[in-house]
1. Within the range 247-275, can you find the residues that are over 22 Å from residue 158 (Cβ atoms) and either part of a loop (DSSP other than H, G, I, E, B) or within 27 Å of the chain's Cα centre (by Cα) (or both)?
2. Right, residue 151: farther than 30 Å from residue 244 by Cβ, modelled with pLDDT under 90 and surrounded by 21 or more Cβ atoms within 10 Å (Cβ to Cβ) or not?
3. When you check residue 187 against the structure, is it in a strand (DSSP E or B) and either more than 15 Å from residue 272 (Cα to Cα) or in contact with a helix residue (DSSP H, G or I) (Cβ under 9 Å, 6 or more places away or on another chain) (or both), yes or no?
4. Please work out if residue 153 is touching a strand residue (DSSP E or B) at 6+ places or on another chain (Cβ under 8 Å) and part of a loop (DSSP other than H, G, I, E, B).
5. In the range 212-241, how many are at pLDDT 90 or above and closer than 12 Å to residue 261 by Cβ?
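The values are calculated or read from the model by the stated rules, or taken from the named source; none is laboratory data. Computed from a prediction, not measured in an experiment: that's the story for all the values here. Here the Cβ is made from the backbone with ideal geometry for all residues, glycine too, and neighbour counts use every protein chain on show.
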């Protein structure tokens with residue numbers, strides 16, 4: 001076999017591939033020239049993007065939903081925390097406001113008590129209330145002042161409205177007040193309008209006038225004050241206002257119910273009379289109206 005056989009013969013398949021490549025190159029060059037001159041390929045690309053845009057939107061939908069759920073959860077948690085903090089702040093502010101309002105009310109009540117004592121030129125001392133016993137059978141107060149503070153047995157207890165009761169027990173640092181409403185308490189009184197003498201009885205939480213003659217000039221709305229009889233209670237201190245009048249069981253007398261002038265069920269301090277006021281001393285006026293001097297006493 002000869003060492004040099006000459007050039008390899010050209011196969012028809014290679015020629016066809018070369019022609020196709022040249023045709024593709026020519027087509028590419030033609031498209032580039034046409035696109036550069038007319039821009040029609042850019043229009044085709046724009047229309048293709050419009051067609052494929054919904055597909056891209058659908059493809060990104062799960063990711064957007066996940067991000068939205070995450071953001072909503074974070075926002076809900078943050079709002080819940082803010083709501084809890086604001087609710088706690090509101091409760092704290094409400095409690096502080098309630099305490100301030102209670103302090104303002106108590107301050108106003110104390111000013112009223114001391115102002116009434118000064119207007120009546122009364123020698124009084126302020127005593128705090130430590131405990132209360134408002135059982136129907138025991139209407140009493142325990143005060144945080146005793147013999148060491150000058151409290152004495154039988155001392156009259158009042159507030160800005162009128163008479164509360166009297167001291168029945170004294171210890172070195174505490175004392176006990178028998179309220180007017182206690183069933184064991186009776187107080188000689190008089191009607192401020194006409195001087196009719198009556199007796200006010202405690203009925204376990206309320207005050208009652210008993211054995212009022214039918215001929216007496218006593219009316220609903222009359223103010224009842226201490227008469228000064230017996231020497232225990234100074235005359236002219238308000239006890240209450242007649243709220244109800246009705247016949248008793250015998251129909252021979254009237255029974256009356258009093259609305260107390262003093263605030264028997266509220267307050268944290270009371271006033272103790274150090275000395276009995278003379279009959280000419282002005283009475284401690286109630287918030288509703290001034291009372292004329294009269295008399296009063298307790299058994």
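1. Within the range 247-275, 248, 249, 250, 251, 252 qualify.
2. The answer is no for residue 151.
3. yes
4. yes
5. 8
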